[in-house]
């Protein structure tokens, strides 16, 4: 028999519930639950957010292929009530779209609508007793296609967009270190901030904290950066000397005894035979490599002779010597 879908049936309370709101709220709850996991699946979160956007834009059917995908079902767990709700919502959305054109695909009588209607009521209403379904007229006449009317109540569902991360420090946070100490992540909490003013704490194993490889080797301030996806947040900690910390006091260079401090080309002086040493307050010395120090050559030539001053610099100290043109 031909089934007629008239205005009274379409606007019955079983179908007139705010299905769009249910779908969006449900998908938002999935996003929140996934963010709480230590191994949050952000591809899954992005798909939920895209589905919400489609629903809000009026493309309710866009959520059906997402929810019905096998990997999506596996993520939810097919045996859970959550999945049953999502699947039933997808069915209801499909029926609403189909009925908008006055056709019930594959249905031969009104029982199909009635049974799905009851199922939606069971899953989405707080009451234990489902509303009575509409009574089907004994006889029907074919009606022109029915255009779905927009509800007067706008959906208030919003999709949160992550904007930045922020770092908070508890009393366990160590903001000052002595020379030689390693950086500690204790007392640090990282949060993901959304454009609606909300925030979610990020699990420690989901973000990274990066400090300099030379952290703690000398006094001063060190920058530490917290990173999560494409967001960064930097803060500083202080490195202090102690009474026992050996301090750099000077640097000096040595040459073989037969070196005469002369060169054919003063712009390119061969310093491969030079050795450079750093001296510390505890009277210890350390030989430096060519990568540790820098060399500057300054021309101090006069009318009578060509000569340069060679300056060897290491951190805050330096030493100099003169080289003459042969």
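Values in this text are rule-based calculations from the coordinates and carry no lab data. Computed from a prediction, not measured in an experiment: that's the story for all the values here. Quick reminder, even Gly has a Cβ in these numbers, built from the backbone with ideal geometry, and neighbours come from all protein chains shown.
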Would you check which residues across region 213-231 are in contact with a strand residue (DSSP E or B) (Cβ under 8 Å, 6 or more places away or on another chain), loosely packed, with under 12 Cβ neighbours inside 10 Å and either part of a loop (DSSP other than H, G, I, E, B) or in contact (Cβ under 8 Å) with a residue 60 or more places away in the chain (or both) and list them? none
Residues being touching a residue at least 24 places away in the same chain (Cβ under 8 Å) and in a strand (DSSP E or B): count how many of those fall in region 314-326. 9
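Confirm whether residue 252 is closer than 29 Å to residue 296 by Cβ, touching a residue at least 40 places away in the same chain (Cβ under 8 Å) and surrounded by 12 or more Cβ atoms within 10 Å (Cβ to Cβ). Talk me through it step by step, then tell me what you get.
On the way: closer than 29 Å to residue 296 by Cβ: yes; touching a residue at least 40 places away in the same chain (Cβ under 8 Å): yes; surrounded by 12 or more Cβ atoms within 10 Å (Cβ to Cβ): yes.
So residue 252 passes the test.
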Matching residues in region 182-205 - criterion: being without any contact (Cβ under 8 Å) to a residue 24 or more places away in the chain, under 16 Å from residue 234 (Cα atoms) and part of a strand (DSSP E or B): 189
Only unsatisfied item for residue 289, checking (1) under 45 Å from the mean Cα position of the chain (by Cα); (2) surrounded by 11 or more Cβ atoms within 10 Å (Cβ to Cβ), is (2)
What's the total number of residues in region 255-285 that are surrounded by 11 or more Cβ atoms within 10 Å (Cβ to Cβ) and closer than 12 Å to residue 307 by Cα? 5
For residue 234, the lone unmet condition from (1) under 30 Å from residue 41 (Cα atoms); (2) in contact with a strand residue (DSSP E or B) (Cβ under 6 Å, 6 or more places away or on another chain); (3) in contact (Cβ under 8 Å) with a residue 40 or more places away in the chain is (3)
